[in-house]
Amino acid sequence: MDRSLYHVLGAKQFDRAELDRLFAASKEMEGVVAAGGDKRLSGRIMTTLFFEASTRTRLSFESAMNRLGGSVIGTENAAQFSSAIKGETLEDTIRIITGYSDVIVMRHTEIGAAKRAAKVAGIPVINAGDGAGEHPTQALLDAYTIQKEFGRIDGLKIAMVGDLTYGRTVHSLSYILANYQDVMVYYIAPENVQIPSYVKQYMDEKGIRYQETNDLNAVAGSVDVVYQTRIQKERFPSVEEYEKAAGKYIIDAALMDRMRKEAIVLHPLPRAGEITEEVDADPRAAYFRQAHNGLYIRMALIAKCLNMAD
Ligand code: CP
């Protein structure tokens, strides 16, 4: 049995062999769901501790645990409804939860919060998003979706569009893509929210080709994947900075006309106007399939962290 996964804190911890095993386990989970679930995690408890809003991540993790026969406790608004509001430290909160459950899924406002939690937790911690830092489980489901849609990731051209500074999913997805051969990444963003230098440095170290640009129209016709993102309004230091970045890249029917017929559009969601609803009916709009894949990836991750998956 594979015990290479314990904490899931960042996307850099995944190598190609681990990704292959995770995707195989996720594929098996598709069968488990089709068969009505199983009971392998019966008697195990997962805590979801969310200091920031979430629809997909929290609910897909909770669904995943339920599909595998486990139980869920937690709070969807830990900033207000946990004792953090009384001044309890994150470390003390985690020490307490360690006594109540078997795995913690945590979203926090601060970069590095999941690593802090893991230092004191006696159980696995899964990072469900740490501020503008990382969102590794999102990147895993993104990569799983690309693998499913194309049958491969090697050799693909992937455009990441929008808020590449505060959008944590593109940081994690870059780190995951660095495991694949001959990928080309286009970072398409307004100048004030381009991809951070520390992400580019990692891509350089791994020998991954990338190009920074602000011209989506020039790139749209040649890529396999357009990965659109929301401008993260809540993370900007000022309204003026947000307005410099907002509304620059909209995927609409005209943009879809420029794209290859085999290409797909992904988005971690939620969207806030950057993909128009007219695009939803296009078979290349893969973002709802992508969100659905989050269930399978998270089932596989929980089972692996709890030593109940190969
Ligand atoms: N993609 C994502 O993390 O969505 P939620 O914020 O709804 O969890």
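The values are calculated or read from the model by the stated rules, or taken from the named source; none is laboratory data. Remember, it's a predicted structure, so these values are computed and weren't measured experimentally. Because the Cβ atoms are built from the backbone with ideal geometry, glycine has one as well, and the counts that use them run over all protein chains shown. Protein only, heavy atoms only, side chains kept; ligands, DNA and RNA dropped before computing areas. Shrake-Rupley method; radii C 1.70, N 1.55, O 1.52, S 1.80 Å.
Brief remarks on what is shown
- Residue match in region 273-286 (condition: aliphatic (A, V, I, L, M), open to solvent by 20 Å² or more (accessible area, probe 1.4 Å) and more than 12 Å from the ligand (Cβ to nearest atom)): yes
- Test: residue in region 128-145 that is surrounded by fewer than 23 Cβ atoms within 10 Å (Cβ to Cβ) and farther than 27 Å from K233 by Cβ: no
- Summed over region 199-213, the residues that are under 16 Å from I176 (Cβ atoms) and either without any contact (Cβ under 8 Å) to a residue 12 or more places away in the chain or assigned to a helix (DSSP H, G or I) (or both) give a count of 7.
- Any hit, region 84-106, residues being at pLDDT 95 or above and at positive phi: no
- Residues within region 220-270 that are more than 15 Å from G162 (Cβ to Cβ) and not acidic (D, E), tallied: 14
- Residue identified as in contact with a strand residue (DSSP E or B) (Cβ under 7 Å, 6 or more places away or on another chain) and within 16 Å of the ligand (Cβ to nearest atom) among V72, V103: V72
- Taking the criterion of being closer than 16 Å to M106 by Cα and open to solvent by less than 50 Å² (accessible area, probe 1.4 Å), the residues of region 60-74 that qualify are S60, F61, E62, S63, A64, M65, V72.
- A300 meets each of the listed conditions (1) assigned by TED's automatic domain parsing to the domain that holds K27; (2) within 16 Å of the ligand (Cβ to nearest atom) apart from (2).
- On the stretch given as region 266-286, residues that are among the aliphatic types (A, V, I, L, M) and more than 11 Å from M256 (Cβ to Cβ) total 4.
- Residues that are of a type in the set (S, T, N, Q) and either more than 16 Å from the ligand (Cβ to nearest atom) or not in a loop (DSSP other than H, G, I, E, B) (or both) within region 20-65 comprise S26, S42, T47, T48, T57, S60, S63, listed in sequence order.
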